[in-house]
Amino acid sequence: MSDLFPPSLADAVHAVLGESLEHARSERDELTVIVPRKRLVDSLLALRDDPRTAMHQLMDVGGVDYVARRPRFDVVYQLLSLSHNWRLTVIVQTDERLPSVVSVYPSAGWMERETFDLLGITFDGHPDLRRILTDYDFEGHPLRRDFPLMGFEEKVYDDLHCCVVSQPVTLQQDYRAFDALSPWQGLTDVQKRGGKDD
């Protein structure tokens, strides 16, 4: 665990998660832990119910697509303890399927639906897993890095039939040309803050 955090935060998380703690790291003065997929629900339940952590609020659920990595996705849970004034990031690495945590945090329902809609990650046991931001007949998941920028179809108003119809995209579309590396990787802190190399 990092020396940047109050010993009680790092120690409490380590004590509560025990063997469920796969990895811990500090970034930008925040503690992030990685737990295995099979222990996700139990880990979040322990972090919520144990008074040493008391992470009673789930603030956000999101996902990150690392297209060249296996497992491909990180699902990120942002937790908050009001009684300790702590924030904790919990990450699970997966390839498209995870158990739902709605039974632990009911507020996860809409956030898991959003993650499913935009990234295509399925949450097993979710009570109502359906699209929330895109149309029900939308094809694909628009935040995946391999999703075409223009999508697969467009909706237009048909003057002849006086209704909205779907048709394949007629404009030539560019697919995202990506490499797995960010242009910011490899820069030193001096370069990021406006050093000589800017």
Original post:
Between Rg and the Kirkwood Rh of the range 19-178, both from Cα atoms, what is the Rg to Rh ratio?
Top reply: 1.08
Subject >> 5 angstrom amide H check on Ile132, placed H, neighbours 5+ away >> reply: Asp117
Subject >> Karplus 3J(HN,Hα) series, Hz, for the range 93-107 with 6.51 cos²θ - 1.76 cosθ + 1.60 (x for Gly, Pro) >> reply: 9, 8, 10, 5, 10, 9, x, 6, 10, 4, 5, 8, 10, x, 5
Original post:
Tell me, in nm to one decimal, what length is gained between Tyr157 and Arg70 on full extension, where the rule is 0.36 nm per residue of separation less the Cα-Cα distance?
Top reply: 27.1 nm
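At 0.692 mPa s and 37 °C, plugging the Kirkwood radius over alpha-carbon pairs of the range 1-99 into Stokes-Einstein gives what diffusion coefficient in µm²/s?
It comes out at roughly 241 µm²/s.
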Original post:
Which peptide among 44-57, 27-40 comes first, and what is the full order, when sorted by highest mean count of other Cβ atoms within 10 Å?
Top reply: 44-57, 27-40
Original post:
In debye to the nearest 20, how big a dipole does the range 1-104 give about its Cα centre with +1 on each Lys and Arg Cβ and -1 on each Asp and Glu Cβ?
Top reply: 260
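Bear in mind these aren't lab numbers, they're just calculated from the coordinates by the rules spelled out. What you are looking at is a predicted structure, and each value in this text was computed from that prediction instead of being measured. Positions of Cβ are backbone-derived with ideal geometry, glycine not excepted, and every protein chain shown enters the neighbour counts.
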